[in-house]
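Asks: Below is the structure I would like to discuss, written out as structure tokens.
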Amino acid sequence: MVAISEQTYKNATAVTRRDNPFRFDPLFAALSKAAAITVLVLLAGIMISMVYGGWDAFAKFGTGFLTGTQWDTMNDNYGGLPAIVGTLSTALIAMIIGVPLSMGTAIYLTQLAPGWFKGPVGTAVELLAAVPSIIYGMWGLFVFVPLFAAYFQVPVSQVVEGMPILGTILYARSPSGLGILSAGVILAFMIVPFIASLTRDMLDQIPTVLRESAYGIGCTTWEVVRHVLLPQAGVSIIGAIMLGLGRALGETMAVTFVIGNANRLSASIMDPGSTIASRIASEFNEALGMQMNALIALGCILFFVTFVVLVIARILVSRVKQY
Amino acid sequence: MRKFAIAAAFAAMTLAPLASTITAQASDITGAGATFPFPIYAKWAEAYKAASGVGLNYQSIGSGGGIRQIRAKTVDFGATDAPVKGEELTRDGMLQFPMVMGGVVPALNVQGIGQRGLRLTGPLLGDIFLGNVKKWNDPKIVALNPGVTLPDATINVVYRSDGSGTTFVWTEYLSMVSDEWKTKIGTNTSVQWPVGVGGRGNEGVSGTVRQIDNSIGYVEYAYAKQNNLSYALVQNKAGNFPVPDDSSFQAAAAAADWSSAPGFGISLNNQPAAQAWPIVSATFILMYAKPADPAKSTAALKFFDWAFTNGDKLALDLEYVPMPAPVKAQVRAYWKGITDTAGKPIF
């Protein structure tokens with residue numbers, strides 16, 4: 001074995017010897033620089049065309065575009081509030097449900113699961129991440145929504161009817177199963193694999209010696225997770241959550257299937273609503289004139305919100321590197 | 001250097017067939033627009049290609065998209081479900097004519113009724129879609145349907161969330177039969193729905209209606225039939241409850257006065273004929289009166305002429321309704337208005 005590899009090594013050095021081994025480096029540098037600049041140009045191009053395309057709507061409605069609740073194609077009067085609220089509330093619900101699920105999965109997989117069980121569950125989580133969003137949408141509409149309507153929406157609505165606060169937030173005026181909450185739950189299923197697998201990788205990177213010393217001084221499993229592992233990986237986990245949030249904010253197809261696509265603002269999370277992405281997907285084909293401008297303006301707002309989320313994620317991730 | 005030669009040969013190999021397909025497509029007729037007639041246009045195109053060798057490249061991007069494309073002159077014809085207004089046609093120098101028709105039916109998913117088990121009236125449909133009638137066992141519905149056991153359940157309204165010619169026809173009908181609908185909501189390709197949930201496209205609405213118990217939506221008849229959805233019989237202007245099929249759709253079209261609106265943009269809703277289905281619409285083609293490329297427009301008109309002559313059977317097979325013969329004659333005469341730069345009719 002040794003002899004063969006030495007021979008191979010000699011051959012390799014003989015073949016690769018050149019007059020000037022560094023003459024391709026400037027070309028390589030230029031190519032990678034061009035690739036990086038292309039991305040920047042693309043981003044700037046998208047941003048400029050979004051602002052340009054939505055400018056008429058921003059100019060006509062001003063801040064009223066952010067606070068208006070009308071989406072009146074007949075009189076060309078547009079306000080984005082229901083879609084903005086829908087986007088933020090579905091993402092928030094997805095976070096509330098998805099983050100604990102992801103954390104539980106990741107902690108179980110790295111700390112508690114027996115070795116033979118880690119592999120299959122880990123692979124299953126990664127497979128979930130690879131399922132296309134339209135599959136989640138179809139599964140949501142055909143399987144989840146009817147069950148959700150019959151076994152959650154109807155009973156819960158009957159219980160909370162007439163109650164203060166809960167009677168408003170959780171009451172379904174038409175128990176169809178489609179709505180903000182359904183969309184939030186489907187989104188939670190979609191972001192769990194992302195957050196869980198990233199978090200698992202981060203927990204795996206924590207040196208074993210830390211964990212073992214914690215157990216050695218008599219910590220319980222909970223104390224190890226709470227006071228040793230989570231603080232160590234904490235900021236990276238926040239970064240993972242932010243990436244999940246970015247996906248939840250922009251998800252289109254699955255949400256369009258289950259949110260009910262209503263351009264109305266409702267205090268109840270059981271009622272149908274719409275998100276920015278679902279409204280664009282629904283209306284873009286047939287939009288003309290000011291409606292098109294308003295849709296692009298909505299897209300611009302979504303772009304901005306997602307951008308802010310990703311910047312926060314970057315800052316948090318870079319902070320962890322300083323430790 | 002050798003690598004470059006191989007790469008160049010490879011590129012030539014992949015690009016050469018691409019270039020030839022582009023030239024082959026250059027002689028095809030191009031059109032874009034409405035999704036509702038796409039299946040029949042595709043079927044006609046296939047048969048016409050076999051008969052004449054001329055292909056049709058039709059992109060079903062939606063009526064709004066079709067209007068955009070023909071205004072940008074990127075296609076030979078645009079297709080729209082909701083007719084374009086006369087003044088806009090004049091302004092753009094465009095002609096509009098109907099190609100084929102379809103009916104819209106209220107699709108139902110209610111326990112305990114058969115496929116044609118429920119009778120409704122126009123004003124009642126208006127009240128349901130306004131949210132005034134909330135339960136399936138509302139006295140107004142029960143009174144129309146003696147002997148049918150209706151559930152004590154909330155009505156789930158389902159509408160089209162995308163802009164759509166179907167919505168235009170549906171809201172136009174509701175505006176005709178319900179004053180409250182006319183003043184509060186109005187007629188358009190998308191409106192501000194007071195209640196209900198939205199599905200995307202005819203298939204989105206039919207899928208949602210099928211999935212949600214106690215729901216009512218509106219879809220093109222072809223979708224209701226293909227998906228075995230049950231539907232409601234709607235009382236027409238004459239007071240009858242006709243069955244939605246090609247004869248009741250054609251009854252609506254035959255009685256209408258097509259020359260009364262520019263570009264044949266009349267409404268076929270709520271026609272007075274005894275057996276007319278009350279919610280019917282045509283789908284339209286848009287072309288320039290003075291096209292930039294008269295040869296391509298002539299090819300398009302030849303295709304439409306062929307479809308009028310030979311396409312009825314194919315249309316009926318797909319649950320579309322052919323235009324009545326007198327209307328076809330009117331449309332053919334109307335084509336004389338499409339001229340080349342010298343002012344000579346191209347067809």
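Asks: Please rank B:Thr90, B:Thr167, fewest neighbouring Cβ atoms within 10 Å first, as an exposure proxy.
Replies: B:Thr90, B:Thr167
Asks: Sticking with this one: Just to be sure I understand the model, the point goes 7 Å from the Cα along the line to the Cβ. What's the resulting A:Ala150 to A:Leu112 distance in nm?
Replies: 3.2 nm
Asks: For the protein assembly as shown, with the dipole built from +1 on Lys and Arg beta-carbon atoms and -1 on Asp and Glu ones, taken about the Cα centre, which of A:Ser236, A:Phe303, B:Pro322 lies farthest toward the positive end?
Replies: A:Ser236
Asks: With angles folded into 0 to 90 degrees, how steeply does helix B:165-177 sit against the dominant principal axis of chain B? Use alpha carbons for both and round to 10.
Replies: 30 degrees
Asks: For chain A, what class follows from the C-alpha gyration tensor (a ≥ b ≥ c being the square roots of its eigenvalues): rounded when a/c is under 1.5, otherwise prolate if a/b is larger than b/c, else oblate? Numbers along the way, then the final one.
Replies: On the way: a/c = 2.40, a/b = 1.35, b/c = 1.78.
In terms of gyration-tensor shape, oblate.
Asks: Which residue fluctuates most in the GNM of chain A (Cα springs below 10 Å): A:Ala130, A:Ala30, A:Ala94?
Replies: A:Ala30
Asks: In addition: Based on other C-beta atoms within 10 Å, arrange B:Trp181, A:Trp139, B:Trp277 from fewest to most.
Replies: The fewest-first ordering by Cβ neighbours comes to A:Trp139, B:Trp181, B:Trp277.
Asks: Against the longest principal axis of chain A, how steep is helix A:2-16, in degrees 0 to 90 to the nearest 10, with axes from Cα atoms?
Replies: Helix A:2-16 sits roughly 70 degrees off the main axis of chain A.
Asks: Follow-up question, since we're still on this one. Give the order of A:Cys219, A:Cys300 when sorted by the count of other beta carbons within 10 angstrom, beginning with the fewest.
Replies: So the residues, fewest neighbours to most, are A:Cys219, A:Cys300.
Asks: Here's another thing I want to ask about it. Any idea what angle helix A:180-205 forms with the longest principal axis of chain A, computed on alpha-carbon atoms, 0 to 90 degrees, nearest 10?
Replies: 20 degrees
Asks: Mind checking the mean number of beta-carbon atoms from other chains within 10 Å of the Cβ atoms in B:207-218?
Replies: Numbers: counts 4, 9, 0, 3, 10, 10, 7, 4, 2, 0, 0, 0.
Mean partner shielding for this stretch: 4.
Asks: Subtract the Cα-Cα distance of A:Ile135 and A:Ile315 from 0.36 nm times their separation in residues, and report this length gain in nm to one decimal. Provide the component values of the computation, followed by the final result.
Replies: Working: separation 180, 0.36 × 180 = 64.80 nm, distance 3.32 nm.
Working it through step by step, the gained length comes to 61.5 nm.
Asks: Could you order the peptides A:301-308, A:194-201 from most to least packed, using the average number of other C-beta atoms within 10 Å per residue? Please report the intermediate quantities before stating the final value.
Replies: Working: A:301-308: 16.6, A:194-201: 23.0.
Going by the mean number of other Cβ atoms within 10 Å, highest first, we get A:194-201, A:301-308.
Asks: Can you pull the one-decimal nm distance between simple spin-label points at B:Ala342 and A:Leu210, each 7 Å off the Cα toward Cβ?
Replies: 8.6 nm
Asks: Could you work out how far the C-alpha centroid of region B:49-70 sits from that of region A:170-212, in angstrom?
Replies: 44 Å
Asks: From Cα pairs below 8 angstrom and at least 6 apart in sequence, can you work out the relative contact order of region A:88-237, rounded to a whole percent?
Replies: Reported relative contact order: 38 percent.
Asks: Sticking with this one: Which percent of the Cα-Cα distances in the protein assembly as shown go past 51 Å?
Replies: That tail contains 25 percent of the Cα-Cα pairs.
Asks: Among rounded, prolate and oblate, which fits region A:88-216 when a ≥ b ≥ c are the square roots of the eigenvalues of its C-alpha gyration tensor, a/c under 1.5 means rounded, and a/b larger than b/c means prolate?
Replies: In terms of gyration-tensor shape, prolate.
Asks: I've got another one for you. Tell me the label-point distance for the pair A:Ile238, A:Phe28, using the 7 Å Cα-to-Cβ offset, in nm and rounded to one decimal.
Replies: 3.8 nm
Asks: Taking R0 as 45 Å, what's the FRET efficiency between B:Leu318 and A:Thr221 from their Cβ-Cβ distance, rounded to 0.05?
Replies: Efficiency, rounded to the nearest 0.05: 0.10.
Asks: Looking only at A:Tyr78, A:Tyr215, A:Tyr171, which one moves most when chain A is put into a Gaussian network model with springs between Cα atoms under 10 Å?
Replies: So, out of A:Tyr78, A:Tyr215, A:Tyr171, the one fluctuating most is A:Tyr215.
Asks: B:Gln59 to B:Asp179: extension gain in nm, 0.36 nm per residue of separation minus the Cα-Cα distance?
Replies: The span from B:Gln59 to B:Asp179 would gain 39.5 nm if fully extended.
Asks: Given a cut-off of 27 Å, name the pairs among B:Lys85/B:Lys134; B:Lys43/B:Lys296; B:Lys85/B:Lys140; B:Lys43/B:Lys328; B:Lys49/B:Lys313 whose C-alpha atoms lie farther apart than that in the structure shown.
Replies: Details: B:Lys85/B:Lys134 36 Å; B:Lys43/B:Lys296 20 Å; B:Lys85/B:Lys140 37 Å; B:Lys43/B:Lys328 19 Å; B:Lys49/B:Lys313 17 Å.
Those over the limit are B:Lys85/B:Lys134; B:Lys85/B:Lys140.
Asks: Quick one: net charge around A:Leu141, please, counting Lys, Arg +1 and Asp, Glu -1 for every other residue with C-beta under 13 Å from its C-beta. Before the final figure, lay out each step's value.
Replies: Numbers: positive: B:Arg200, B:Arg210; negative: B:Glu203.
Within the 13 Å Cβ shell, the charges total +1.
Asks: Report the full-extension gain for the segment B:Lys73 to B:Lys290: residue separation times 0.36 nm, less the Cα-Cα distance, to one decimal in nm.
Replies: Answer, rounded to one decimal: 77.0 nm.
Asks: Which of A:Leu187, A:Leu245, A:Leu203 moves the most in a Gaussian network model of chain A with Cα springs under 10 Å?
Replies: A:Leu203
Every read-out reported here was derived from the displayed coordinates using simple, explicitly stated rules and does not represent laboratory data. Predicted model only: the values in this text are computed from it and were never measured. All Cβ positions, glycine included, derive from the backbone under ideal geometry; neighbour counts span all protein chains shown.
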